[in-house]
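The values are calculated or read from the model by the stated rules, or taken from the named source; none is laboratory data. If you're wondering where the values come from, they're calculated on a predicted model, not measured in any experiment. So basically every Cβ, Gly included, is an ideal-geometry build from the backbone, and we count neighbours across all protein chains shown. SASA here: full protein model, heavy atoms, side chains in, ligands and nucleic acids out. Shrake-Rupley method; radii C 1.70, N 1.55, O 1.52, S 1.80 Å.
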Amino acid sequence: ESGITKPKGYNVSFHCNPEMEKHHFGMTHPMKPWRLTLSKSLIYSYGMSFAMDNYISRAATYEELATFHSTDYLDFLGTVLPEPVPRDLENQNPDLKFNLGGSDCPLFDGLYDYCSMSAGGALDAARKLVSHQSDIAIAWGGGLHHAHKAEASGFCYINDIVVAILELLRYHPRVLYIDIDVHHGDGVEEAFFSTDRVMTVSFHKYDPNNFFPGTGALDDNGPKSEQNPGSHHALNVPLNDGITDEQYAMLFDTIIGQIVEKFRPTAIALQCGADSLAGDRLGRFNLQVQGHGACVAFCKRMNLPLLLFGGGGYTPRNVARAWAYETALAVGVDDKINDYIPSHTPWRDQFRHDTLFPTLEQILGEPRVNRNTQKRLQEMIQHVTEQLRFVQA
Ligand code: V1P
Ligand code: CA
Ligand code: ZN
């Protein structure tokens, strides 16, 4: 068998809720909650559950959600009924409020339960870190970074990340939030815009006219007024199509290394959206499982309490590969998964056209033309370095 056992003196906790995975956004919607089931089955097939503390997370309470969201919004979210007939893409219902009910944020059966379970997993993970019961806490069902205080956006209704970071801030003086989803982490950036206790950094595809949500330019660094404590505490790394593992790792290690040195976070929250992988249905990058995972490995080496969230990811078999690999990195058994491939994985047919884990020679998806020049990447590092001159831990 896999021979995976619990590492000594080092705890990883895994938080999930099988009820959450049963929800449906609709046939044609790219967000598929069952990708969580697929990820988990891959993780469990490798025997990784023996190396972690496994928890079925609870649903967050109304009061917990209200630490960030407005009660008007929560009340509406809790009472609004699913639409009887799915509307077509462009036909927005003018009666609906809070950006609910469009094609991105449809009203589906059990919506409130789905949202509160996502936030419950993230909160449970945060609490395991603050109580020192976990060194790394994993909540793949969270990571819904676009939700605002009183508005749904981009498949996100409740911002579980903000709720979880607020919990970390009850005990931690400074939290570093890093977002490697292909989209800009706008909701989290906005929530902590005016504080110097949270630094937000998002790496994303940026094209203000043609790529959602259109925000996150290089010079978007928090409030422009130096009097506001939040100024210089939002960092953005806007990228073009086709970025490779090597370029991404160079940027990530340089930028995050500098931030950790200057900002001195006492905890790290990492959103691991898997839509930055090559071959993603909505994404544009050329990242492989190894390059995506290298970000998790780098954060782990910082030796700080680490919360791992999920996020986007629209080619389910690749989402499962990335999150299973990153779970293996968290527990330190990544070397073992390469020489052991379980033959009885449920959902094995999802991987039938290629191997379970692509080796370094195999790549996910059709490679895209790389539109990121070394010159531009250096400019971005330079800009971040300049911002950090204003930051004092
Ligand atoms: O582009 C848009 C909006 C809709 N237009 C009026 C502009 N929406 C995007 C939303 C992407 C959300 C990503 C979420 C996350 O960051 C975190 C979970 O990954 C969008 C796209 C797209 N290609 O960007 N919506 C859809 N596609 C969509 C397609 C089919 C059915 C429903 C939505
Ligand atoms: Ca991002
Ligand atoms: Zn995304």
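Quick rundown of the values:
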quantity: Net charge dipole size for the chain [Lys, Arg +1 and Asp, Glu -1 on Cβ; Debye, nearest 20]; calculated: 840
quantity: The stretch 163-270 shape via C-alpha gyration tensor axes, a/c threshold 1.5; calculated: prolate
quantity: Virtual spin-label span in nm between Thr67 and Gln392, 7 Å along Cα→Cβ; calculated: 3.0
quantity: Assigned charges on the beta-carbon of Lys, Arg, Asp, Glu; the stretch 4-89 dipole about Cα centre (debye); calculated: 620
quantity: Theoretical FRET efficiency, 1/(1+(r/R0)^6), r = Cβ-Cβ of Phe76 and Ala297, R0 45 Å, to 0.05; calculated: 0.60
quantity: The chain, relative contact order [Cα under 8 Å, separation at least 6], %; calculated: 19
quantity: Theoretical FRET efficiency, 1/(1+(r/R0)^6), r = Cβ-Cβ of Thr373 and Phe193, R0 35 Å, to 0.05; calculated: 0.70
quantity: Kyte-Doolittle mean at least -0.5, axial Cα span of 20 Å or more - DSSP H helices of the chain; calculated: 111-130, 245-263, 316-331
quantity: Of all DSSP beta bridges in the chain, antiparallel share, percent nearest 5; calculated: 5
quantity: Listed peptides 103-109, 274-280 by packing density, highest first (mean Cβ within 10 Å); calculated: 274-280, 103-109
quantity: Dipole of the chain, positive end: most advanced residue of Cys16, His172, Gly214 [Cβ charges, Cα centre]; calculated: His172
quantity: Whether the stretch 207-298 is rounded, prolate or oblate, judged on the alpha carbon gyration tensor where a/c under 1.5 counts as rounded; calculated: oblate
quantity: Charge-dipole axis of the chain as Lys and Arg at +1 and Asp and Glu at -1 on Cβ define it, positive-most pick from Val369, Leu144, Gln133; calculated: Gln133
quantity: Point-to-point label distance, Glu366-Arg264, nm (Cα→Cβ direction, 7 Å offset); calculated: 5.1
quantity: Estimated dipole of the stretch 253-327 in Debye, rounded to 20 [Cβ of Lys and Arg +1, of Asp and Glu -1, Cα centre]; calculated: 40
quantity: Alpha-carbon radius of gyration plus Dmax, which is the widest Cα pair, for the chain in Å; calculated: 19.7, 60
quantity: Theoretical gain in end-to-end length, Asp253 to Asp241 [0.36 nm per residue, Cα-Cα removed]; calculated: 2.3 nm
quantity: Probe 1.4 Å, protein heavy atoms only - accessible area per residue of the chain in square angstrom; calculated: 41
quantity: Ellipticity estimate at 222 nm from DSSP helix runs (n ≥ 4, -39,500 (n - 2.57)) divided over the chain, nearest 500; calculated: -10000 deg cm²/dmol
quantity: Carbon/sulfur fraction of accessible area - the chain, other protein chains in place, 1.4 Å, %; calculated: 52
